[in-house]
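Taking it in order: structure first as structure tokens, then the write-up.
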């Protein structure tokens with residue numbers, strides 16, 4: 001591979017490697033998270049501690065992009081609202097939502113239309129403040145507007161920088177697409193569409209093919225094929241056209257609500273899958289994919305019902321949608337809620353805090369992904385969060401678990417993309433090379449703290465299922481107290497591979513969630 005291709009590949013992989021999906025599972029990765037060593041020892045818990053024990057069904061709310069409720073490996077584990085008659089256009093159970101049989105979408109309307117693409121919150125703030133401050137200089141700003149103007153300059157700089165970089169990366173990927181596609185077509189003609197590295201090494205012995213073959217070997221070794229590059233182009237084009245575009249008009253007219261009016265709560269639709277349910281389906285499979293059925297992966301919990309609540313678009317979620325999604329989950333029986341989303345800014349955090357406190361008052365556990373920006377969330381914001389700037393540390397939510405991502409590798413135990421923080425992150429859980437369910441009864445491997453959070457949500461649901469007398473706060477404490485202690489092991493600091501740190505500095509527990517330890521501790525507590 002020539003040096004230009006290497007540079008382009010490096011830029012591309014560094015930018016999107018934490019979010020894109022790769023085919024799988026690779027050798028040794030299927031269900032590794034349920035196994036030994038740096039897995040959670042889930043299988044050991046079932047065989048040694050849970051065998052013969054009875055369990056109760058636990059409802060887990062999944063606030064996400066949507067869930068494929070007809071997936072072959074989620075069949076039988078999707079929550080059904082027994083008090084709602086399907087498709088009769090009536091709110092049979094009087095909960096305010098019509099035909100919410102398997103959950104609710106806050107991103108659609110009753111006519112079957114869905115909103116999907118959205119700005120990031122930082123861009124929404126920029127667009128709002130730009131109407132007030134565009135073209136103005138420091139001397140034009142009144143004392144009362146100084147704080148808003150400072151915020152305006154901050155978010156403008158962020159948005160314009162990120163959009164410019166995304167546009168540049170689109171051009172780079174376009175070059176790579178042209179290069180890789182041409183080579184792919186050449187070798188497909190020679191060896192068929194499933195040609196291998198072995199085929200390419202054979203081709204490299206031909207002087208006329210040597211350069212192209214060696215280049216393609218390099219791309220294949222990095223998992224880069226035309227389909228992967230197409231996903232990369234989609235990622236960056238979304239950044240340019242939607243996420244960092246202050247002039248993009250979001251589809252709230254489809255939804256039909258005012259996102260700033262929290263008194264307007266009755267909007268949305270029954271379509272809990274939506275146009276892109278990959279992320280939510282993957283998380284749901286980690287929690288509850290049918291175990292040992294010979295299909296795909298094994299979920300962590302074996303007696304769970306998944307309640308799909310669609311509130312996360314292709315962009316940043318609205319605080320209003322998240323606040324209402326939490327309340328919906330609580331009011332409709334969820335005991336655990338998985339929240340694999342996050343953002344760097346929040347404009348209506350007071351309403352989200354109220355919703356979290358509501359869940360807390362009802363004894364519902366919220367499990368949240370720490371984020372994939374390899375940053376210290378004790379210092380840099382990631383919302384929602386276990387304690388907000390407006391709160392004292394002693395006011396931290398008691399029903400909250402913040403989860404970072406770990407790997408199966410001793411030399412890089414903390415995932416390179418994972419956020420961390422010895423005050424704001426509670427535990428780590430497997431989040432790299434995770435093979436799970438995606439729409440159309442398919443399976444893919446991907447990575448992120450988005451995958452680590454449902455690991456923990458699954459553990460919480462499992463414990464509640466087998467030990468129903470325990471409260472969710474007690475279960476949260478058990479999960480934290482029973483982690484596999486790897487606190488003294490060294491790992492490269494996420495985002496700074498040349499700096500080694502003790503794993504124990506990255507979270508409050510310094511450990512990786514362990515099902516076997518958690519079940520053992522739960523048994524001991526119940527027996528007392």
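Can you pull out every residue in segment 222-241 that is over 19 Å from residue 179 (Cβ atoms) and crowded, with 17+ Cβ neighbours inside 10 Å?
Hits for segment 222-241 are 238, 239, 240.
Taking segment 242-267 as the search range and keeping residues that are within 21 Å of residue 163 (Cβ to Cβ) and exposed (fewer than 15 other Cβ atoms within 10 Å of the Cβ), which one is modelled with the lowest pLDDT?
Ranking the candidates gives 249 first.
To keep it simple, each residue is scored yes or no on (1) over 25 Å from residue 378 (Cα atoms); (2) touching a helix residue (DSSP H, G or I) at 6+ places or on another chain (Cβ under 6 Å); (3) assigned by TED's automatic domain parsing to the domain that holds residue 283; (4) crowded, with 22+ Cβ neighbours inside 10 Å.
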residue	(1), (2), (3), (4)
418	no, yes, yes, yes
422	no, yes, yes, no
441	yes, no, yes, no
445	yes, no, yes, no
456	no, no, yes, yes
462	yes, no, yes, yes
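Out of curiosity, is residue 274 at pLDDT 95 or above, assigned to a loop (DSSP other than H, G, I, E, B) and either buried (at least 17 other Cβ atoms within 10 Å of the Cβ) or in contact with a helix residue (DSSP H, G or I) (Cβ under 9 Å, 6 or more places away or on another chain) (or both)? Talk me through it step by step, then tell me what you get.
Numbers: at pLDDT 95 or above: yes; assigned to a loop (DSSP other than H, G, I, E, B): yes; either buried (at least 17 other Cβ atoms within 10 Å of the Cβ) or in contact with a helix residue (DSSP H, G or I) (Cβ under 9 Å, 6 or more places away or on another chain) (or both): yes.
Taking the combined requirement at face value, the residue satisfies it.
Residue-by-condition table, conditions (1) crowded, with 20+ Cβ neighbours inside 10 Å; (2) in contact with a strand residue (DSSP E or B) (Cβ under 9 Å, 6 or more places away or on another chain); (3) part of a helix (DSSP H, G or I):
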{"position": "317", "(1), (2), (3)": "yes, yes, no"}
{"position": "322", "(1), (2), (3)": "yes, yes, yes"}
{"position": "330", "(1), (2), (3)": "yes, yes, yes"}
{"position": "334", "(1), (2), (3)": "yes, yes, no"}
{"position": "337", "(1), (2), (3)": "yes, yes, no"}
{"position": "346", "(1), (2), (3)": "yes, yes, no"}
{"position": "351", "(1), (2), (3)": "no, no, yes"}
{"position": "354", "(1), (2), (3)": "no, no, yes"}
{"position": "360", "(1), (2), (3)": "no, yes, yes"}
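Output the residue which, of all residues in segment 438-480 that are free of Cβ contacts under 8 Å to residues at least 60 places away in the same chain and outside any helix (DSSP H, G or I), is nearest to residue 408 (Cα to Cα).
In this case the residue turns out to be 442.
Looking only at segment 404-437, count how many residues are assigned to a strand (DSSP E or B) and under 16 Å from residue 342 (Cα atoms).
Looking only at that region, the number is 3.
Let's see how each residue does on (1) without any contact (Cβ under 8 Å) to a residue 24 or more places away in the chain; (2) in the same structural domain as residue 238 (by TED's automatic domain parsing); (3) in contact with a strand residue (DSSP E or B) (Cβ under 7 Å, 6 or more places away or on another chain); (4) buried (at least 17 other Cβ atoms within 10 Å of the Cβ):
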position	(1), (2), (3), (4)
147	yes, yes, no, no
178	yes, yes, no, no
189	yes, yes, no, no
204	yes, yes, no, yes
213	no, yes, no, yes
220	yes, yes, no, yes
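Among helices (runs of 4 or more DSSP H) lying entirely in segment 120-219, which contain 3 or more residues that are closer than 22 Å to residue 243 by Cβ and touching a helix residue (DSSP H, G or I) at 6+ places or on another chain (Cβ under 9 Å)?
Qualifying helices (runs of 4 or more DSSP H): 121-133, 146-191.
What residue, of 499, 410, is surrounded by fewer than 21 Cβ atoms within 10 Å (Cβ to Cβ), touching a residue at least 40 places away in the same chain (Cβ under 8 Å) and over 18 Å from the mean Cα position of the chain (by Cα)? Even if it seems obvious, please write down each step before you answer.
Numbers: 499 fails: touching a residue at least 40 places away in the same chain (Cβ under 8 Å).
None of the others qualify; the one that does is 410.
Of the residues 67, 101, which is in a loop (DSSP other than H, G, I, E, B), farther than 25 Å from residue 347 by Cβ and within 24 Å of the chain's Cα centre (by Cα)?
67
Would you mind finding the one in 96, 108, 112, 66 that is surrounded by fewer than 21 Cβ atoms within 10 Å (Cβ to Cβ), touching a strand residue (DSSP E or B) at 6+ places or on another chain (Cβ under 8 Å) and under 30 Å from residue 251 (Cα atoms)?
Every option except 112 fails the conditions.
The values are calculated or read from the model by the stated rules, or taken from the named source; none is laboratory data. If you're wondering where the values come from, they're calculated on a predicted model, not measured in any experiment. Glycine also receives a Cβ, built like all others from the backbone with ideal geometry; neighbour counts cover every protein chain displayed.
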